[in-house]
Number of protein chains: 4
Amino acid sequence: MTTDLATRPHPHHTAGTPTAPPRPVRVGILGAGEQSTAHLLPALLRLPDARITVLADPVTARRDRLAERLGVPVRLNNVAEVVASGQVDCIVAACPPQAHEQIAAAAIEAGVPVFVEKPPAVSTAALTELAAAAGTAGVLTGVGMNFRWAAPIHRLRQELTDPPHGTSSMISVRHVASKPTASMWDLPLWRTFLLAQAIHPIDLLLTLAGSPVVDIQPACRLAGSGIWLGLQLQHANDAISTLVCGNQAPRFEHRVEVTTTAGITATLNDLAELNIAGVNADHTGPGQRGTSSRWRPSPLDVGYDRTGFGGELAAFCAAVATGNQFTPSLADLVPTYRIMDQLCPTGGTR
Amino acid sequence: MTTDLATRPHPHHTAGTPTAPPRPVRVGILGAGEQSTAHLLPALLRLPDARITVLADPVTARRDRLAERLGVPVRLNNVAEVVASGQVDCIVAACPPQAHEQIAAAAIEAGVPVFVEKPPAVSTAALTELAAAAGTAGVLTGVGMNFRWAAPIHRLRQELTDPPHGTSSMISVRHVASKPTASMWDLPLWRTFLLAQAIHPIDLLLTLAGSPVVDIQPACRLAGSGIWLGLQLQHANDAISTLVCGNQAPRFEHRVEVTTTAGITATLNDLAELNIAGVNADHTGPGQRGTSSRWRPSPLDVGYDRTGFGGELAAFCAAVATGNQFTPSLADLVPTYRIMDQLCPTGGTR
Amino acid sequence: MTTDLATRPHPHHTAGTPTAPPRPVRVGILGAGEQSTAHLLPALLRLPDARITVLADPVTARRDRLAERLGVPVRLNNVAEVVASGQVDCIVAACPPQAHEQIAAAAIEAGVPVFVEKPPAVSTAALTELAAAAGTAGVLTGVGMNFRWAAPIHRLRQELTDPPHGTSSMISVRHVASKPTASMWDLPLWRTFLLAQAIHPIDLLLTLAGSPVVDIQPACRLAGSGIWLGLQLQHANDAISTLVCGNQAPRFEHRVEVTTTAGITATLNDLAELNIAGVNADHTGPGQRGTSSRWRPSPLDVGYDRTGFGGELAAFCAAVATGNQFTPSLADLVPTYRIMDQLCPTGGTR
Amino acid sequence: MTTDLATRPHPHHTAGTPTAPPRPVRVGILGAGEQSTAHLLPALLRLPDARITVLADPVTARRDRLAERLGVPVRLNNVAEVVASGQVDCIVAACPPQAHEQIAAAAIEAGVPVFVEKPPAVSTAALTELAAAAGTAGVLTGVGMNFRWAAPIHRLRQELTDPPHGTSSMISVRHVASKPTASMWDLPLWRTFLLAQAIHPIDLLLTLAGSPVVDIQPACRLAGSGIWLGLQLQHANDAISTLVCGNQAPRFEHRVEVTTTAGITATLNDLAELNIAGVNADHTGPGQRGTSSRWRPSPLDVGYDRTGFGGELAAFCAAVATGNQFTPSLADLVPTYRIMDQLCPTGGTR
């Protein structure tokens, strides 16, 4: 999954010949905080055809410590300086959502491809405006929805999309965590929770269903700092998708579960154990009741393919190099935001 | 769980003295089909204080083969003969729902305690009428909802009802199976599915929530012989319960999952693996992230405690012996039927 | 696995015609203790073509309670009475090993097929003598080594014996329990442990290896009431089998694990989860690393197929009805006893 | 586990004052192959107080590509140049074993702390000589036995070493893989397998047992390119340890299992699922049979703590900074090599 960048002509460069390999994609990082340090930078460092050329953060102390450790040569303060530096082919940002809005706007205006961690914006209005600007300007954008790119979820989708497997009839995601239980980003707790946590499984439901939503059935609770919500979506293709989400678990727990009209069930627990039953005659014959195909990562699994951080950044850098599209773009997140806008706590406050 | 029957005075007998042990409860079986053979009779045979004294079935060949094998002395044809025989202290029936209605009515009229397998009736109207008759006559009734009595579910409930564990905020049941995919009992497929399959998880959701339903959000599909449904319930205590159910799985798969307001998550897979996280300091301290308490049945687990068939019959026989109540009675199933009445396929038929 | 008995002529009866179905096999039980009550009798009651006609136990109170509950008509005191009754086609005994020796001897002398629970004898000498007597008399014998007949182990063996799977190269059994930690049967603790516990996995190793032992490497410890032992066997076909066994676990834990020369690994945990990897191209191709075929029992699994008690008694009764052989016979246990004779605690007593 | 380096005086520098934080430890890498790229360098890049200052490899093309990607400023060809550069506080090498011998010798002679991946040497003689030289010179050495430092194994050891848990009575390691099946490093296949694969679990057995070996019971097979071996060790403290190892599995499978004299069982599967049963009253009381404490990594687990590569390099760099010891040193591997010397294929070649 650490995709080597393709060798097609590079639209952002004055490429010599179509067959010449692209020079490594030069990445400018905005944000030297936890998300960059723990996930994005290590994932980028594993890509053979990407180079981190610039690290920018207004908190210069942590920026310099990180840049020195990782050998990043250029250290700047903000998106304006990064764009002006001429040292980057694209921007990768991991900041608060308000900063993501500013960074994306500046990058789009400058014509620089930009990837922002989730949440890409505070509001649907802001996101829609940015997506429109990117469309008008023809600038590549990406949003860091790592679950879409997690290798086990990719595997699940691949195994279920072969023709004989029917279409998904029921899609369930369980995504419970121990945080956030306090307001962040100057936003109320409820909006904080939606943008920090619920955005992931809602986006995943829409991605897995692959069919427009025709009915939304929410059930939302906010009690003190505790949040729990159920969400049932009915899709145009008759699929039903359900979400269980909250911040009251002792630790992050994750499950994706799909049933198809052809009698397949697939369950992925904690991105680490995939069971698919009924795929073929081997699992449906009389002697095979109770059997499933099971996948587990290697005991020595390391890196960022399993979590999706590696895959999404590899694909985004490849899109920068080749001029191809990347999913999800800013525009691709709009349906997810529209769902979030319909989720309001209607109980739990007593 | 193979509860010895208690030694309290037996209200249905002319008991000698309060301290005398009850004579074994004499059970008359109605129905010599698969459910009796595979589940109810073996479970009854394990109870030290119950005796199967009568086996009745209009199909005399299978009745006699079964009675001979199990040493049941009296073989009859129908509920009227069983009631008239004077050989039973109670009736246990496993027949089609229409027969359950007749058997329950006859037993109630005769004042004989009666336990019917699910589904206890075809319609809510019939069930309500029977429940009312039992109430008026003061006759003990029971319905075979084995999941309520399954030992692992009992264990889950016990562990979550200790005071420090908060109240359940989210309850999820997944109950998917490979059948029924054809009409049974002269009922349409949709009603067949509800009475044969969905009745179980709906009853379980209501039992686990323990709080009245204030909103019902259904999503139901019937396409050819395929059925899938999602159900989201909002309860008076702010709990949200969700169900995923269908007949398109390669085999029966079952999961119960609960989150509480005190930060506990409990997952029970296939009645065979229970994980509870966050119960106490051991699972929430910094060194304990990711730990849970796990329960598995013994490798040599046999019998009917795990599935609940043993527990429900032991409890019903104990109630017969002692005059105590049994849950669920016919009346206890009414809310479950009322939910089922609101589930209609609204899509999937295109 | 609840095998209907075959319809071949019944050698112990004066069968009318070869095509006539055999009358049900009449079974006389010796021993009304825990093993009979919990395992053997319920398993027998599930067999369509067996009838428990006699129950014998010198402790008449528990014998009568059990016989009444299960509707067993004839109640006797010992093997002599059972043999003399003319009411049984075979004997099934679950008693102390000394009683097994006497019962087997009496049954063999009377020409009555006999199945004894493990351990079938106290000593290798006694076992060998009984096996020789049975051979001379041509009497069918069986020993209750239920793991040989456990459905998941049977399944494991079947999947590994197809031609492309190579031969077993490494066979490992882990069998640890919490008992016995005290002397039983007037035998020293060490011998008690061997006969009550270690006999099972040693017999299983020999069965799974299917090749004579050419070298024995034991490591045995007895410290207070604590026992732990390792055993490594080298077989004539170059297979290596290993055992880890002891009485210091908090509960019974069981695992069977096999590797073959064709690159298959099979693991069966607690008779409840079977994983087989590398069986075919599906598990060895580049996209299939980490996949395995997994089998789990049904959530509603009940009965005695999984533990083997059902399978062994069905097969023994079928052998009684048809005159076919049954495995393991008394003679089949001799190699297992010879291994046990070489296990002596050489440490742990300091 | 990404231990910040301690702040004690740095013996290899002319530290200003004892309280001054050490300058980051400068690490020189030898070897730009797969092991460096996939495991060691990413793990080092996560350490806040380490800097990769030099990368050396005689294959300059891959060296330069890797150095450019990771921003390593100095690129050299061999250990002599690295030692002479004055740019490193320590050496980390991932090369063939013959090169490890040379690198270790040169580093020891130069007084530079040196960490070599396994295998540290081809022969016990060479290893012993190097260990002696390091001892004489007082140079810090380390060997990359990552399983010793894997976080889940560390966790297992911690939980079992609390006083009430008794001492380990049985220790089992299963370590089967799909390679090597061909000769490497100009060594015969059998020696290749020992040095590339079996060295890990043998070292782990000795580490977990923590008691001298008093008896070795090996069983070794080499048939074509297939290898399988069993090893049973008896320890001075009466513990028994067993190994199952081979190259015929479809993929790497790993298990560590320990039983203690106080009735604890601990099982760690594939470095990803740890179950400990019987630890305290919670798991031994009548209501708690079948419960265990279970640990799983987070769904978003990334990095190198779980595999041990992060922990060992953090600890080695900390030892470089503080002058403390590191385990395992070259000398610590000598017992592991002595065991390997006793393993010869005695069958399987027919």
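The values are calculated or read from the model by the stated rules, or taken from the named source; none is laboratory data. These figures come from a predicted structure and were not determined experimentally. Counting neighbours? That spans all protein chains shown, and the Cβs are built from the backbone with ideal geometry, glycine included.
Inspect the range D:126-144 for any residue being under 19 Å from residue D:192 (Cβ atoms), among the small types (Gly, Ala, Ser) and either under 16 Å from the mean Cα position of the chain (by Cα) or surrounded by fewer than 16 Cβ atoms within 10 Å (Cβ to Cβ) (or both) and give the result as yes or no.
As a first pass, look at the range D:126-144 and keep what is under 19 Å from residue D:192 (Cβ atoms): D:126-127, D:143-144.
Narrowing further to those that are among the small types (Gly, Ala, Ser): D:126, D:144.
Checking which are either under 16 Å from the mean Cα position of the chain (by Cα) or surrounded by fewer than 16 Cβ atoms within 10 Å (Cβ to Cβ) (or both) leaves us with D:144.
Scanning the range D:126-144 turns up at least one residue that is under 19 Å from residue D:192 (Cβ atoms), among the small types (Gly, Ala, Ser) and either under 16 Å from the mean Cα position of the chain (by Cα) or surrounded by fewer than 16 Cβ atoms within 10 Å (Cβ to Cβ) (or both).
Hey, among B:71, B:31, which residue is within 11 Å of chain C (Cβ to nearest Cβ) and on the phi > 0 side of the Ramachandran plot?
Values: B:31 fails: within 11 Å of chain C (Cβ to nearest Cβ).
Going through B:71, B:31 in turn, just one is within 11 Å of chain C (Cβ to nearest Cβ) and on the phi > 0 side of the Ramachandran plot: B:71.
Please verify whether the range D:238-249 includes one or more residues that are without any contact (Cβ under 8 Å) to a residue 24 or more places away in the chain, more than 22 Å from residue D:154 (Cβ to Cβ) and under 20 Å from the mean Cα position of the chain (by Cα). Steps first, answer last, please.
First pass over the range D:238-249, keeping only residues without any contact (Cβ under 8 Å) to a residue 24 or more places away in the chain: none.
No, the range D:238-249 contains no residue that is without any contact (Cβ under 8 Å) to a residue 24 or more places away in the chain, more than 22 Å from residue D:154 (Cβ to Cβ) and under 20 Å from the mean Cα position of the chain (by Cα).
Counting only residues that are within 16 Å of residue A:202 (Cα to Cα) and in contact (Cβ under 8 Å) with a residue 60 or more places away in the chain, how many does the range A:225-237 have?
As a first pass, look at the range A:225-237 and keep what is within 16 Å of residue A:202 (Cα to Cα): A:227-235.
Subset that is in contact (Cβ under 8 Å) with a residue 60 or more places away in the chain: A:227-229, A:231, A:233.
The total comes to 5.
Looking only at residues in the range A:148-174 that are buried (at least 24 other Cβ atoms within 10 Å of the Cβ) and under 25 Å from residue A:43 (Cα atoms), which one is farthest from the other protein chains (Cβ to nearest Cβ)?
A:149
Report yes if residue A:237 is more than 7 Å from every other protein chain (Cβ to nearest Cβ), surrounded by fewer than 20 Cβ atoms within 10 Å (Cβ to Cβ) and not charged (D, E, K, R), otherwise no. Before the answer, list the steps.
Values: more than 7 Å from every other protein chain (Cβ to nearest Cβ): yes; surrounded by fewer than 20 Cβ atoms within 10 Å (Cβ to Cβ): yes; not charged (D, E, K, R): yes.
Considered against the rule, which asks whether it is more than 7 Å from every other protein chain (Cβ to nearest Cβ), surrounded by fewer than 20 Cβ atoms within 10 Å (Cβ to Cβ) and not charged (D, E, K, R), residue A:237 comes out as yes.
Checking residue B:218 against (1) touching a residue at least 24 places away in the same chain (Cβ under 8 Å); (2) of a type outside the set (Gly, Ala, Ser); (3) away from chain A (no Cβ under 14 Å), which test does it fail?
That leaves (3) as the condition not met.
Report yes if some residue within the range A:89-112 is touching a strand residue (DSSP E or B) at 6+ places or on another chain (Cβ under 6 Å), part of a strand (DSSP E or B), among the acidic types (Asp, Glu) and surrounded by 20 or more Cβ atoms within 10 Å (Cβ to Cβ); otherwise report no.
Checking the range A:89-112: not a single residue is touching a strand residue (DSSP E or B) at 6+ places or on another chain (Cβ under 6 Å), part of a strand (DSSP E or B), among the acidic types (Asp, Glu) and surrounded by 20 or more Cβ atoms within 10 Å (Cβ to Cβ).
Evaluate the following for residue B:50: is it buried (at least 23 other Cβ atoms within 10 Å of the Cβ), within 14 Å of chain C (Cβ to nearest Cβ) and either touching a helix residue (DSSP H, G or I) at 6+ places or on another chain (Cβ under 8 Å) or touching a residue at least 12 places away in the same chain (Cβ under 8 Å) (or both)? Quick ask: steps written out before the conclusion?
Working: buried (at least 23 other Cβ atoms within 10 Å of the Cβ): yes; within 14 Å of chain C (Cβ to nearest Cβ): yes; either touching a helix residue (DSSP H, G or I) at 6+ places or on another chain (Cβ under 8 Å) or touching a residue at least 12 places away in the same chain (Cβ under 8 Å) (or both): yes.
In short, yes.
Does residue A:313 count as out of contact with any Gly (no Cβ under 8 Å at 6 or more places or on another chain), more than 14 Å from chain B (Cβ to nearest Cβ) and assigned to a loop (DSSP other than H, G, I, E, B)?
No, not satisfied.
Kindly list the number of the only condition in (1) modelled with pLDDT of 95 or more; (2) not in a helix (DSSP H, G or I) that fails for residue D:48.
Single failed check for residue D:48: (1).
Those residues that are in contact with a helix residue (DSSP H, G or I) (Cβ under 7 Å, 6 or more places away or on another chain), under 16 Å from residue C:265 (Cβ atoms) and either polar (S, T, N, Q) or not in a strand (DSSP E or B) (or both), I need them from the range D:209-255; list them, please.
D:247, D:250
Among the residues of the range D:53-77, write down those that are surrounded by 20 or more Cβ atoms within 10 Å (Cβ to Cβ), out of contact with any Gly (no Cβ under 7 Å at 6 or more places or on another chain) and assigned to a helix (DSSP H, G or I).
Correct list: D:63, D:66, D:67, D:69.
Table: residues versus (1) within 20 Å of residue B:267 (Cα to Cα); (2) of a type in the set (Val, Ile, Thr).
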residue	(1), (2)
B:125	no, no
B:131	no, no
B:151	yes, no
B:154	yes, no
B:159	yes, no
B:168	yes, no
B:173	yes, yes
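Just to be sure before I move on: is residue D:255 at pLDDT below 95 and either in the same structural domain as residue D:189 (by TED's automatic domain parsing) or on the phi > 0 side of the Ramachandran plot (or both) in the structure I sent?
Details: at pLDDT below 95: no; either in the same structural domain as residue D:189 (by TED's automatic domain parsing) or on the phi > 0 side of the Ramachandran plot (or both): yes.
For residue D:255, the condition - at pLDDT below 95 and either in the same structural domain as residue D:189 (by TED's automatic domain parsing) or on the phi > 0 side of the Ramachandran plot (or both) - is not met.
Any idea how many residues of the range C:252-281 are facing chain D (nearest Cβ under 9 Å) and hydrophobic (A, V, I, L, M, F, W, C)?
Within the range C:252-281, residues that are facing chain D (nearest Cβ under 9 Å) and hydrophobic (A, V, I, L, M, F, W, C) number 4.
What number of residues within the range A:319-330 satisfy the criterion of being within 16 Å of the chain's Cα centre (by Cα) and part of a helix (DSSP H, G or I)?
Within the range A:319-330, the subset within 16 Å of the chain's Cα centre (by Cα) is A:319, A:325-330.
If we keep only those that are part of a helix (DSSP H, G or I) too, we end up with A:319.
Residues meeting the conditions: 1.
Of the residues in the range D:184-216, how many are of a type in the set (D, E, K, R) and on the phi > 0 side of the Ramachandran plot? Lay out the reasoning, then the answer.
Initially, the range D:184-216 is screened for residues of a type in the set (D, E, K, R), giving D:186, D:191, D:203, D:215.
Okay, now just the ones that are also on the phi > 0 side of the Ramachandran plot, so D:186.
So the count comes out to 1.
Pick out the one residue from C:246, C:226, C:210 that is surrounded by fewer than 23 Cβ atoms within 10 Å (Cβ to Cβ) and facing another protein chain (nearest Cβ under 9 Å). Don't jump to the end; show me each part of the working.
Working: C:246 fails: surrounded by fewer than 23 Cβ atoms within 10 Å (Cβ to Cβ); C:210 fails: facing another protein chain (nearest Cβ under 9 Å).
When all the criteria are applied, what remains is C:226.
If you scan the range D:243-258, which residues turn out to be under 16 Å from residue C:169 (Cβ atoms) and not small (Gly, Ala, Ser)?
Taking the range D:243-258 and keeping what is under 16 Å from residue C:169 (Cβ atoms), we get D:243-250, D:253.
Across the range D:243-258, the qualifying residues are D:243, D:244, D:245, D:247, D:248, D:250, D:253.
Anything in the range A:336-350 that is of a type in the set (A, V, I, L, M, F, W, C) and not in a helix (DSSP H, G or I)? List them, or say none. Quick ask: steps written out before the conclusion?
Just the residues of the range A:336-350 that are of a type in the set (A, V, I, L, M, F, W, C), to begin with: A:339-340, A:343-344.
Selection gives A:343, A:344.
Kindly list, by first and then second residue, each pair from a residue in the range A:252-271 that is within 15 Å of residue D:301 (Cβ to Cβ) to a residue that is among the hydroxyl-bearing types (Ser, Thr, Tyr) and not in a strand (DSSP E or B), limited to pairs with Cβ atoms under 8 Å and residues at least 6 apart or on different chains.
So the pair list comes out as A:252/A:178; A:252/D:298; A:270/D:298; A:271/A:307.
Which ones in the range A:104-123 are within 14 Å of residue A:27 (Cα to Cα), hydrophobic (A, V, I, L, M, F, W, C) and more than 16 Å from the chain's Cα centre (by Cα)?
Filtering the range A:104-123 down to residues within 14 Å of residue A:27 (Cα to Cα) leaves A:107, A:112-116.
Remaining after also requiring hydrophobic (A, V, I, L, M, F, W, C): A:107, A:112, A:114-116.
Within the range A:104-123, A:107, A:112 meet the criteria.
Given (1) in a helix (DSSP H, G or I); (2) within 14 Å of another protein chain (Cβ to nearest Cβ); (3) over 26 Å from residue B:146 (Cβ atoms), where does residue C:333 come up short, assuming only one miss?
(2)
Tally the residues that are hydroxyl-bearing (Ser, Thr, Tyr) and more than 14 Å from every other protein chain (Cβ to nearest Cβ), restricting the search to the range D:175-193. Show your work before the answer.
Step one: list which residues in the range D:175-193 are hydroxyl-bearing (Ser, Thr, Tyr), which gives D:178, D:181, D:183, D:192.
Subset that is more than 14 Å from every other protein chain (Cβ to nearest Cβ): D:183, D:192.
So the answer is 2.
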